[in-house]
Amino acid sequence: MRIGWLLCCCWITSLLQAQQYTQWVDPFLGTGGHGHVYPGATVPFGMVQLSPDNGDEGWDWCSGYHYSSNTIAGFSHTHLSGTGIGDWCDVSVLPLTDTNLIREQKIKIPFSHQSESARPGFYRVAMGNGITAELSASDRTGFHRYTYPDKTGWLRFDMGFAINWDQSTDGMLQLLDPYTLVGYRYSTGWAKGQKVYFAARFTLPVSGYFFVDDSVQRGQQAWGKKVKLALQFRTTSPLQMSVSLSNVSTEKALAEARLQEPGQLDDYAKMATLRWEKELSKIQIDTSDTQKATTFYTALYRTCLAPVIGSDRDGEYKTYRDQLRHFTNGKNKYTIFSQWDVFRALHPLFSITQPERHTDMLQSMMAFYEDNGLLPVWDISSWEANTMTGYHSIPILADAILKGNKSLDAERVYMAMKKSALQNQRGTPDYIKYGYLPQDKHGWSVTITLEYAYDDWCIAQVAKKLGKTEDYALFMKRAASYKNLFDSTTGFFRSKNSQGKFIEPFDPLLSEHGFDGQYIEGTAWQHSFFVPHDVTGFAQLHGGPQALIAKLDQLFSASSELHGDNVSIDVTGLIGQYAHGNEPSHHIIYLYTALGAPEKAARWIRVVADSMYKTGPDGLTGNDDCGQMSAWYIWTALGMYPLNPASGEYVFGMPLLKSARIQLPNEKTLSIEVKKKKEAGKTGIASIKFNKKDIPVTSISHAALLKGGHLIYTIYE
């Protein structure tokens, strides 16, 4: 076994000699501000996200870590990337030099950012107690190495550690032998009924131990909502440890742990780096501009952090109801589907960068449907959080079917889509009854109406592909529901009551955070441009393309003031009333191109890219939201964007790179080259050639891109 391990390490070392791309990733980018990302160790889409937790709470600690803090309260094994709600941070471990504070609920050890470093798959920090912590990860295992200042050291395992909404409901810890610990943590919060099991293996034997906050103890095993275990080691050499996770049982976690080498953190870190190199090399760009390279590759890195593996190695997983299931339609079942965010740009990107994993993700959504009765709205640990508006699994699945994904049973998927569109909750019955959702029947009525209309358009396209003509007509009619809320006197989509009258008074700058607002996380300005499926019909409401272009101009020149007693904290990155820090604005700039004004799209793309995507901890202007903020940048840097995410069309904007080479799913490649020309008073894209032929500066199809070849932008300097 050791010989095989050494051969594997030699192979890794030889491959890493050519590595180029992880050097441009900064895991701390976005850990300040409102990015809500974590800096710790993980592998692409891995179950384990091993990262430090500050011990502080609040909106900006949704990932457990914020750059403004200078303490570490533990290293836990699960983290959410860029979300607006805090949860997870399961199986917390804290290295200590003594047990003076062992009974405290949170022990905060000071540290300095100058003593902290990270790269993809590896994290290191020298803590204020003299202990140096180093972390890495594989798919289901976190690897630790602690170097202590003295000959004796301690580890505290804490099943009660929690942040924000989360709280432990039960925990167990059992020392099987001096080298092995197993346990579990049950919790409720954003995810209800969450259960995480683990098995830890040490390279040094436990020399002493005691339990804290246990309700029941029998020998070397204890239970309790906040049960903790202090383990003592003789630390004349560094303590290394592997912690393997399972969502099924401690036995399954232990089986995973026995496949790992707990004393080989350096080698696992190299393997993690190699895996990240493989991911990042799928899009190779010119890196002569180091700041742009850091922005691009950190964004590409963040597009690979969610969804995450939710099943064991053999495909087993449990539902939130504790039902044992076996995922048979792919290699791994995934969880963390933030559909309101990621349907816009992340999943269309996956159709190019993650063809195999994406199929597993789509099948995971269908498995969620089988387990829960509806497609996921926001799946966290198999729990339907029902967070945010719309039923946006539909455009993700529709996009796959319309792009010809043969692994999906289109008829089965279609039935699941229809079930979501006919559900008896989330305002759907009243939306169907009135042709819009009345505000006196359900909050967020404007946003829901617009988003349901788009989702219904997606269903209609699948119905058409499957030859279901009556359904096609039905859902196309529903797709036009957005028109029912348009107010021609103001040029905004506005809420109506069930009598068909607009709600008064109306203030387009009003932001109402909460369930009773008319627009979710925003104002009328940000939500009045969501008609990605019918830009022509949308323009006609305004009086034609030029009138809608004028309205877009007003969006960017409007006051950035927000009115209201409870303004949404999510409205960030304002340019006028365009709010790039939140998803409803992400497609808006590309409407300019669709309406025949690509030069205006180019202008605002440059402004947004330069001001909203910077390097350093404050580099993100808003929540990364499981990779959507980052996916916007990847598409935009390449010169295009999926304005309508299920159309199979990518609308041109303004390339931000000198060159790029994209690895396509069919073993072909697409090379992108950017040339420049000068012409007084001109801006934007002057012309585009694809495989030596001139094409319009409007859009390019997914099918065309998959043919590969050479795309040349000529832009005005």
Any hit, the range 484-502, residues being in contact (Cβ under 8 Å) with a residue 24 or more places away in the chain, in contact with a Gly (Cβ under 7 Å, 6 or more places away or on another chain) and closer than 19 Å to Lys418 by Cα:
no
Any residue at all in the range 151-168 that is outside any strand (DSSP E or B) and either among the basic types (Lys, Arg) or more than 15 Å from Trp88 (Cβ to Cβ) (or both)?
yes
All-but-one check, Met47 against (1) assigned to a loop (DSSP other than H, G, I, E, B); (2) over 15 Å from the mean Cα position of the chain (by Cα); (3) buried (at least 23 other Cβ atoms within 10 Å of the Cβ), failing number (2)
Residue under question is Ala293, and the condition is that it be modelled with pLDDT of 95 or more, out of contact with any His (no Cβ under 8 Å at 6 or more places or on another chain), among the aliphatic types (A, V, I, L, M) and over 25 Å from Arg119 (Cα atoms); does it hold?
no
Starting from residues that are in a strand (DSSP E or B) and among the hydrophobic types (A, V, I, L, M, F, W, C), keep the ones in the range 69-91 and report whichever is farthest from Ser187 (Cα to Cα).
Ile72
Only one of (1) more than 28 Å from the chain's Cα centre (by Cα); (2) in a strand (DSSP E or B) fails for Leu94. Which number is that?
(1)
Residue check, Asp289 over 20 Å from the mean Cα position of the chain (by Cα), buried (at least 22 other Cβ atoms within 10 Å of the Cβ) and among the acidic types (Asp, Glu):
no
The correct count of residues that are in contact with a Lys or Arg (Cβ under 9 Å, 6 or more places away or on another chain) and surrounded by fewer than 21 Cβ atoms within 10 Å (Cβ to Cβ) in the range 398-417 is 2
Return yes or no: is Asp534 over 26 Å from the mean Cα position of the chain (by Cα) and farther than 30 Å from Val651 by Cα?
no
Members of the range 308-326 found to be of a type outside the set (A, V, I, L, M, F, W, C) and crowded, with 22+ Cβ neighbours inside 10 Å, listed by number
Gly310, Ser311, Asp312, Tyr317, Lys318
For the range 577-692, which fully contained strands (runs of 3 or more DSSP E) count at least 1 residues that are under 25 Å from the mean Cα position of the chain (by Cα)?
649-652, 659-663
For the range 140-169, which positions are within 14 Å of Leu96 (Cβ to Cβ) and either among the small types (Gly, Ala, Ser) or surrounded by fewer than 20 Cβ atoms within 10 Å (Cβ to Cβ) (or both)?
Thr147, Pro149, Asp150, Thr152, Gly153
Taking strands (runs of 3 or more DSSP E) that fall entirely within the range 183-247, which contain at least 1 residues that are within 21 Å of Asn100 (Cα to Cα), among the hydroxyl-bearing types (Ser, Thr, Tyr) and more than 35 Å from the chain's Cα centre (by Cα)?
206-212
Of the candidates Thr287, Thr328, Thr295, the one satisfying the condition of being within 19 Å of Val37 (Cβ to Cβ) and either out of contact with any Ser or Thr (no Cβ under 7 Å at 6 or more places or on another chain) or in a helix (DSSP H, G or I) (or both) is Thr295
Looking at this structure, is Thr714 of a type in the set (Val, Ile, Thr) and within 26 Å of Glu279 (Cα to Cα)?
no
Among the residues of the range 666-685, how many are at pLDDT 95 or above and under 26 Å from Lys403 (Cα atoms)?
6
Residue list for the range 449-489, restricted to those being on the phi < 0 side of the Ramachandran plot and part of a loop (DSSP other than H, G, I, E, B):
Leu466, Lys468, Ala480, Ser488, Thr489
Just one of (1) surrounded by 19 or more Cβ atoms within 10 Å (Cβ to Cβ); (2) among the acidic types (Asp, Glu); (3) farther than 20 Å from Thr447 by Cα trips up Glu599, so point out which.
(1)
Look at the range 287-303 and say how many of its residues are closer than 15 Å to Ser81 by Cα and in contact with a Lys or Arg (Cβ under 9 Å, 6 or more places away or on another chain).
1
Every residue from the range 254-269 that is buried (at least 21 other Cβ atoms within 10 Å of the Cβ) and either in contact with a Gly (Cβ under 9 Å, 6 or more places away or on another chain) or assigned to a loop (DSSP other than H, G, I, E, B) (or both)
Pro262, Tyr268, Ala269
How many residues of the range 371-417 are free of Cβ contacts under 8 Å to residues at least 24 places away in the same chain and among the basic types (Lys, Arg)? The answer is 1
Among residues of the range 435-448 being touching a strand residue (DSSP E or B) at 6+ places or on another chain (Cβ under 8 Å) and either among the β-branched types (Val, Ile, Thr) or in a helix (DSSP H, G or I) (or both), the residue surrounded by the most Cβ atoms within 10 Å (Cβ to Cβ) is Ser445
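Yes/no matrix, rows are residues, columns are (1) in contact with a His (Cβ under 6 Å, 6 or more places away or on another chain); (2) of a type in the set (A, V, I, L, M, F, W, C); (3) part of a loop (DSSP other than H, G, I, E, B):
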site: Asp371; (1), (2), (3): no, no, no
site: Leu374; (1), (2), (3): no, yes, yes
site: Lys406; (1), (2), (3): no, no, yes
site: Glu411; (1), (2), (3): no, no, no
Does the range 676-683 include one or more residues that are hydrophobic (A, V, I, L, M, F, W, C) and crowded, with 17+ Cβ neighbours inside 10 Å?
no
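The values are calculated or read from the model by the stated rules, or taken from the named source; none is laboratory data. Keep in mind that what you see is a predicted model, and the values were worked out from it rather than measured. Using ideal geometry, Cβ is built from the backbone for each residue, glycine included, and neighbour counts are taken over all protein chains shown.
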